[in-house]
Each structure stands twice: as structure tokens, then as C-alpha cells.
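Values quoted throughout were computed directly from the atomic coordinates according to the rules given, and no laboratory measurement underlies them. It should be emphasised that the depicted structure is a prediction, and the values quoted were computed from it without experimental measurement. Positions of Cβ are backbone-derived with ideal geometry, glycine not excepted, and every protein chain shown enters the neighbour counts.
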Amino acid sequence: MTVREILNDATRELEAAGIQTARLDAEVLLAFFLKCDRLEFLKNPERQISKTQLAPFKKMVSRRLKWEPVAYITGRKEFWSFTLEVNKDVLIPRPDTEVTVEEVLKVAKHYESLINELPPSEFTGDNGHAGLDPASRLDSGRMFTLRMRGRNDKKYDETCKIKPSVIRILDIGTGSGAIALALAKEIPAGKITATDISAAALKIAKKNARNLGLEKHIEFLKGDLFAPVKGLFDIVISNPPYISATEYEMLPHGVKDFEPKIALFAGQTGVEFYEKLIYQSKNHLKEDGWLIMEIGAPQAEKIRAIMQESGFFENIDVRRDYAGHDRVIKGRKR
Ligand SMILES: C[S@@+](CC[C@H](N)C(=O)[O-])C[C@H]1O[C@@H](n2cnc3c(N)ncnc32)[C@H](O)[C@@H]1O
């Protein structure tokens with residue numbers, strides 16, 4: 001059979017089962033089976049493959065016909081700038097979560113710029129360390145209030161709070177490690193802790209960290225929310241389970257029957273994890289630290305209200321994803 005015929009057959013079968021992404025799925029599975037790029041075989045549609053050779057591909061298509069997600073069939077998923085290993089113990093990372101990563105990067109960049117923009121020899125501090133390189137002094141993790149003098153000798157009469165040169169970030173419910181790994185890759189000053197209640201999920205996250213050479217940048221801990229962590233963080237990030245009891249029953253077959261319930265189901269209302277994260281993060285964030293959470297699109301106002309009522313946060317802000325849905329909420333500890 002030619003590649004063209006194989007793809008047409010598989011697409012027809014998948015379409016008949018009601019799978020809307022039939023053609024794309026057929027191509028991704030065939031590329032995985034042939035261990036090549038999709039473009040490679042699309043450029044050569046007359047390439048011949050014998051029927052006996054095709055048996056493993058047929059098996060993959062029949063798994064997809066039962067609505068198993070393509071990522072579980074291939075065991076991998078693209079996220080950010082890399083490919084992650086995934087299995088049924090972890091949520092398949094969604095493209096929307098890249099928006100969450102972008103939001104964390106914005107906040108982290110602010111910390112980095114505070115460190116980098118300090119003129120090394122042109123500031124005087126209230127701690128008797130004037131003239132030292134700021135980064136070397138900031139490792140201690142203490143906050144400094146400085147009167148700064150600008151690079152062009154223009155005096156700032158401005159008092160600013162300086163963060164430590166190491167940005168401590170906590171990713172709660174790391175799953176495949178998607179968020180923690182993207183942050184580890186993008187934030188050189190990041191010291192990242194990633195937790196999950198699922199030992200099986202952590203196994204995959206650690207494997208992904210090793211595969212990407214990022215294992216030295218992330219500490220993985222098992223436990224319920226903040227229970228396994230020590231010390232204070234500059235940023236707490238989480239994409240927690242947020243599906244309510246009613247929504248769970250209505251999830252698409254491919255999600256409900258294959259992705260781990262522990263990664264999806266939050267409880268009766270769907271905001272249970274947000275309530276805990278908002279109230280518990282207070283004791284784990286540094287002064288001015290940020291809580292950043294991925295949210296289900298219709299939950300933004302409810303979660304904003306919980307953050308406001310807690311009285312722990314200011315600068316509460318919601319960011320939309322590229323489809324225009326509310327996707328990320330953040331707030332700075334008062
Ligand atoms: C929606 S998934 C997010 C996975 C990953 N961060 C991502 O964005 O793709 C939620 C994760 O939270 C974990 N989880 C569920 N309950 C938890 C708890 N009480 N404490 C810590 N992690 C929990 C699940 O195992 C799952 O990996």
C-alpha cells in the first residue's frame with residue numbers, strides 16, 4: 001500500500017468514529033510509526049509499505065478508534081520548546097498551559113531585571129554594604145531597601161525592594177513536569193521545586209527532567225499541596241484539578257476514560273483546590289511573592305472573589321489564552 005492509501009484509509013475509519021481531528025491523528029500516528037517527520041512522508045505519498053509491516057500502525061489506529069488520546073498512544077507530547085514523555089499517570093499538557101508559563105516568566109523577568117539593573121557600584125544601602133555587587137549580597141534571601149543612584153548619575157530618590165538573585169519557584173501538581181521544566185529552561189536564576197501527590201506522575205516528571213538535562217534545576221517532592229515543602233517562595237504556580245462533579249460527568253470520552261481523575265476532578269464546586277492554594281500559599285510566599293494559577297475559563301470571577309475575600313493578595317489580574325478565554329489568575333501577596 002502507498003502512504004497516501006494508508007492515510008486515506010485510516011482517516012476514513014477515524015472520521016467514521018466521529019473523531020474530528022481524523023486526518024491529523026492519522027498523520028501523527030503514521031509519522032510516529034515510521035519514525036520520521038510528517039513532512040517527510042507527505043512529500044513522498046507513493047512510498048510503499050507492505051501490509052504485514054503495517055500491523056503495529058493498525059493497532060495504533062484501533063486504539064485511537066476507542067478514543068484513546070494520540071499522546072498516550074505515542075507516549076509523547078510537544079510542550080513549550082520540547083517533547084515530553086507522557087503516560088496514563090499524567091495529564092497530557094495542554095497548549096493553554098503555555099500561557100501560564102508565559103505569565104510566570106513575566107513575573108520572573110521582573111525579579112531578574114531588578115537584579116540585573118542594579119548598578120554594582122552606584123548604590124548605597126541601608127545595611128552598610130554600599131558598593132558591593134548586588135547579586136552577591138542578595139543570595140542571603142534577605143530583602144534590602146536601597147536608595148538608588150541611576151547609571152547616568154541621575155539621582156533616584158526612590159526606595160526599591162530587591163529580591164534575592166535566586167528566584168524560588170514552587171510548581172504544585174507538576175504532573176508530567178511541563179510547567180516546572182519550561183521554567184527551569186527559561187529562568188537561569190530559578191530554583192524550582194515541583195510537587196505532586198501522585199508518585200506515578202512524579203516518576204514521569206523526573207524522567208522528563210533527566211531526558212532534558214534539567215534534573216539539577218528541579219527538586220521533586222511528593223505530597224499534598226504545600227505539605228512537603230520548606231521555606232518561602234517568590235512565586236507559587238499551580239495548574240490544579242478544577243473540574244466540578246457535574247462537569248466531570250460531561251467530559252469528553254477521550255478525557256474522562258483515559259486521563260487520571262486525580263489530575264482533573266476537584267470536588268463538588270470545582271474551586272476546592274483554589275481555595276486551599278489561596279489560603280495556604282500565604283504561609284509559603286515571601287513578602288510581595290506571587291501566586292499564579294491556571295483556571296478553567298468560567299471560574300475567573302469566582303476565584304478572583306476568593307482571592308479578594310482572603311485579604312492576602314493585591315494586584316489581582318486575569319489573563320486570557322489565545323482563544324480569548326480567561327486562563328490564568330495571579331495576585332501579589334500583600
Ligand atoms: C491539572 S493537572 C496539571 C499537571 C501539570 N502541571 C500540567 O499543567 O500539565 C493537576 C496535577 O495535580 C496533582 N494533584 C492532585 N491533587 C493534588 C494534591 N492534593 N497535592 C498535590 N498535587 C495534586 C495531580 O496528580 C496532577 O498531576
Among the residues of segment 63-83, which ones are of a type in the set (Phe, Trp, Tyr) and over 9 Å from Gly254 (Cβ atoms)? Tyr72, Phe79, Trp80, Phe82
Condition met for Ser244 (crowded, with 18+ Cβ neighbours inside 10 Å, touching a Ser or Thr at 6+ places or on another chain (Cβ under 6 Å) and not β-branched (Val, Ile, Thr)): yes
In segment 69-113, what residues are part of a helix (DSSP H, G or I), buried (at least 17 other Cβ atoms within 10 Å of the Cβ) and among the charged types (D, E, K, R)? Glu98, Glu103, Glu112
